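Working notes for the structure below.
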Amino acid sequence: MQNNASIKRNLGEKIKALAEQGLSYRKIQKKLGCSKGSIAYHLGKGQKKKALARQAAYKATLQMESVKAA
């Protein structure tokens, strides 16, 4: 999931533009100073949906743990 720093840097749009120019993940990584995971997140099909699902599951787990502890 995008964090505030990548949103401010407009990282997703930059990654998409470089990929459209034919740059590889490694070249995009070197040019922008981001991880391959960030690149895959922005370019991969369904990656954003998967990240949101993981985050929701994690939050649900935390809520269940806090209820059990109470």
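Scanning region 32-49 for residues that are open to solvent by 40 Å² or more (accessible area, probe 1.4 Å) and of a type in the set (Val, Ile, Thr) returns no hits.
Given LEU18, LEU23, LEU52, which one is open to solvent by less than 40 Å² (accessible area, probe 1.4 Å) and either of a type outside the set (S, T, N, Q) or modelled with pLDDT under 90 (or both)? Walk me through how you get there before you give the answer.
Values: LEU23 fails: open to solvent by less than 40 Å² (accessible area, probe 1.4 Å); LEU52 fails: open to solvent by less than 40 Å² (accessible area, probe 1.4 Å).
Unique residue meeting the criteria: LEU18.
Residues that are modelled with pLDDT under 85 and open to solvent by less than 90 Å² (accessible area, probe 1.4 Å) were ranked within region 55-70; the one that is farthest from GLY12 (Cα to Cα) is ALA69.
The values are calculated or read from the model by the stated rules, or taken from the named source; none is laboratory data. What you see is a predicted model; the values in this text were computed from it and never measured. Accessible surface is based on the protein model in full, side chains and every heavy atom, while ligands, DNA and RNA are left aside. Shrake-Rupley method; radii C 1.70, N 1.55, O 1.52, S 1.80 Å.
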